[in-house]
Amino acid sequence: MPTLARMNEHLIHDFSKKKGLAGHLLFSLRHPQAQSNRAVFRHNLQRLGWMLGNALAEVWPMKDVEVNTGLGTARCSIPSEQPVLATVMRAGLPMHAGVLDVWDGADGAFVSAYRKHNSSGGFDIEIEYLGAPSCEGRILVLVDPMLATGASMVAAYKALCSDGTPKQLHVICAIASPEGVKYAQQELPEGTTFWIGAIDEGLDQNDYIVPGLGDAGDLSYGPKSRS
């Protein structure tokens, strides 16, 4: 199993190792009782997205502006640019909403990426839909709750680059595996920064995160007819 010592650790933010509410939100997301209520599960994913989006804001390029209040002039610091905020459907939608509450001027991008299981027992990543602006020269923030093998993340990024290459990439996830982070770092652009609620133990024989939390899409919206 890959360890963080063998990764570019300064580009990986594991919020389970930081002070704050990430641990509380992850406890709620993993707990079977909370998972039995889809509205609660979606809300907690949204809250975690908001928290990680705020953490990203702390390193965002800013500019100083002046605003006249009628009683005087105040100097404020605002983002110097807005991101392209992308998510992998359908599981990423609740987290995307939380990040969008922070980056409310962002351009939205949506990718459908799912595992299509084959007769050999493995799977391929299928992209069926892409709705996105050009990412050329933009800062791209890619949101997906589960970074398991990393294959869906990499496929989604390549699809988003079909009409232009971003100048910088940030990845926001609720839970990741060490294997997925390592693969994503190998396949995504150098300097990609990861904002992750928790990095778990690893993957099982079916390439699901352990202990993980289950299928975030099913827990948010109900079971689907195909995997």
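The values are calculated or read from the model by the stated rules, or taken from the named source; none is laboratory data. Owing to the predicted nature of the structure, the values given are computational and were not obtained by experimental measurement. Note that we place each Cβ from the backbone using ideal geometry, even for glycine, and neighbour counts take in every protein chain shown.
Would you check which residues across the stretch 82-104 are among the small types (Gly, Ala, Ser) and at pLDDT 95 or above and list them? Give the derivation first.
Taking the stretch 82-104 and keeping what is among the small types (Gly, Ala, Ser), we get 86, 91-92, 97-98.
Result: 86, 97, 98.
In the stretch 158-172 there is no residue matching the filter, namely being in a strand (DSSP E or B), at pLDDT below 95 and not aromatic (Phe, Trp, Tyr).
A Cβ distance below 6 Å, combined with a sequence gap of six or more or placement on separate chains, defines the contacts here; from the stretch 194-210, residues that are assigned to a loop (DSSP other than H, G, I, E, B) reach residues that are of a type in the set (A, V, I, L, M, F, W, C) and buried (at least 23 other Cβ atoms within 10 Å of the Cβ) in the pairs 200/175; 200/209; 207/148. Any residue at all in the stretch 7-21 that's more than 16 Å from residue 193 (Cβ to Cβ), of a type in the set (A, V, I, L, M, F, W, C) and modelled with pLDDT under 95? Yes, the stretch 7-21 contains at least one residue that is more than 16 Å from residue 193 (Cβ to Cβ), of a type in the set (A, V, I, L, M, F, W, C) and modelled with pLDDT under 95. Taking every residue in the stretch 122-146 that is under 18 Å from residue 209 (Cβ atoms) and pairing it with any residue that is buried (at least 16 other Cβ atoms within 10 Å of the Cβ) and basic (Lys, Arg), at least 6 positions away or on another chain, the pairs with Cβ-Cβ distances below 7 Å are 123/115; 125/115.
Does any residue of the stretch 102-115 turn out to be without any contact (Cβ under 8 Å) to a residue 12 or more places away in the chain and in contact with a strand residue (DSSP E or B) (Cβ under 7 Å, 6 or more places away or on another chain)?
no
Looking across the stretch 75-118 at every residue that is assigned to a strand (DSSP E or B) and basic (Lys, Arg), the one that is surrounded by the most Cβ atoms within 10 Å (Cβ to Cβ) is identified as 115.
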